[in-house]
Amino acid sequence: MEGSDNPVMRNIDRLLLAHFMPLLLGRACPSTVHRSGTEGMRVNCFTTTLREGDEPNFVLLAMRNTNVEALKYDGERYSIAATLPLDSIDPAKLLVTHFYGLDEIRYEGIWAIAPGLWTRWPYALIHLRRLRHFVAQRLFNRRTLEVRRRLDVLREVVDATMGGEESIDALDLMSAKYGHRWAGHPGWEAHQRLLERHLDLLVQSGELEKRGHNYAPTGLALKTLEDAEDQDRKHSANLRVQLLLAVLTLVSAVMAAAQAGLVKLPTLLDLTERSARSARGHDAAPSPPAPKTSPTTAAAPAPGASEPSGGPGTSKVQQ
């Protein structure tokens with residue numbers, strides 16, 4: 001919307017700017033933002049800059065009535081204190097970074113900020129990605145690392161013998177996985193001993209058969225791998241069903257609360273009050289003439305008080 005000649009769009013730009021600027025600067029980031037660990041997970045703040053040309057020129061800090069306190073870039077850092085009238089800020093030149101836990105959401109221009117903060121769709125995607133990571137971690141944690149490592153070794157033996165070889169030894173198995181550079185690794189002997197230990201455990205449990213120094217998969221090996229994959233699929237399906245039920249329950253609760261009037265869903269632009277005042281101004285009948293008063297009777301004050309002009313709806317976005 002930069003440089004728009006449409007007065008209606010310019011007015012909407014100003015309304016959006018006046019609505020979102022206190023929200024953004026009311027949660028401005030400190031000079032240091034944690035990006036790891038527990039402290040990083042608790043971060044929820046905005047960095048708002050104003051660009052001139054292609055580069056940011058001001059970092060906006062706080063609102064003071066209708067002015068914005070800022071720091072101007074001096075060529076090396078933001079160090080020059082400045083005060084910008086809100087009306088002088090071009091809404092299309094705002095650059096906002098929302099540090100949301102360990103994630104970052106970037107907006108450019110008021111028409112990117114408004115949908116993102118009103119609909120919250122970027123944050124829904126973040127939570128879905130976090131949930132997917134949580135599910136994957138839960139699947140991984142269902143078995144101990146030792147058991148998972150043995151299954152990985154068994155799968156490597158089965159894959160290596162699918163090319164026609166009936167059996168394979170530990171050294172060839174390492175070459176199939178790491179290439180021939182493993183021989184130059186300083187810890188290859190310890191890794192070989194650990195691999196042979198896993199192979200011997202698989203022999204004891206019946207998934208492998210030892211032939212001299214080689215190992216060959218048995219029919220039980222395929223059954224073990226199929227059972228493990230089937231358990232992972234069932235667990236994933238159960239988690240997906242639980243997630244879907246949780247989402248449906250949440251949506252149903254929000255819609256029921258909205259219908260009962262307990263929750264007011266945000267609107268993009270609430271022009272109802274302004275339209276009603278405009279209609280009253282156009283449709284109002286002329287006032288009747290004031291009655292004559294006697295010299296001993298004080299005239300009553302004229303009725304009617306001007307209403308302050310209102311702006312669009314100011315429903316806050318919950319962070």
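Net charge near Thr48, counting Lys/Arg +1 and Asp/Glu -1 over other residues with Cβ under 12 Å of its Cβ? The partial results should precede the final answer.
Values: positive: Arg27, Arg51, Lys93, Arg106; negative: Glu69, Glu108.
Overall, the nearby charge balance is +2.
Which GluC sites (Glu not before Pro) from the range 95-203 combine a DSSP loop assignment with at most 16 other Cβ atoms within 10 Å? Don't jump to the answer; show the numbers that get you there.
Working: sites: Glu104, Glu108, Glu146, Glu156, Glu165, Glu166, Glu189, Glu196; in loops: Glu165, Glu166.
Listed in order of number, the matching sites are Glu165, Glu166.
Asp103's amide H: which non-local residues (gap 5+, or another chain) put their own amide H closer than 5 Å, with H modeled 1.01 Å from N in plane and none for Pro or chain starts?
Amide H neighbours of Asp103: none.
Excluding residues on the same chain fewer than 8 positions from Lys177, give the aspartates and glutamates whose Cα lies under 13 Å from its Cα.
Asp152, Glu156, Asp159, Asp169
Just grab the label-to-label distance for Val33 and Leu194, each label 7 Å out from Cα along the Cβ direction, in nm (one decimal).
According to this spin-label approximation, the distance is 3.8 nm.
Probe radius 1.4 Å, ligands and nucleic acids ignored: give me the carbon and sulfur share of the accessible area of the range 71-193 as a rounded percent.
Details: 4160 of 7460 Å².
The nonpolar share, carbon plus sulfur, comes to 56 percent.
To the nearest 20 debye, what charge dipole does the range 48-166 have about its Cα centre, counting +1 at the Cβ of each Lys and Arg and -1 at the Cβ of each Asp and Glu?
Details: 17 positive and 17 negative charges, 164 e Å.
Dipole about the Cα centre, nearest 20: 780 debye.
The values are calculated or read from the model by the stated rules, or taken from the named source; none is laboratory data. Quick caveat, the model's predicted, so the values are computed rather than measured. So basically every Cβ, Gly included, is an ideal-geometry build from the backbone, and we count neighbours across all protein chains shown. All accessible areas refer to the heavy atoms of the entire protein, side chains included, with ligands and DNA or RNA removed. Shrake-Rupley method; radii C 1.70, N 1.55, O 1.52, S 1.80 Å.
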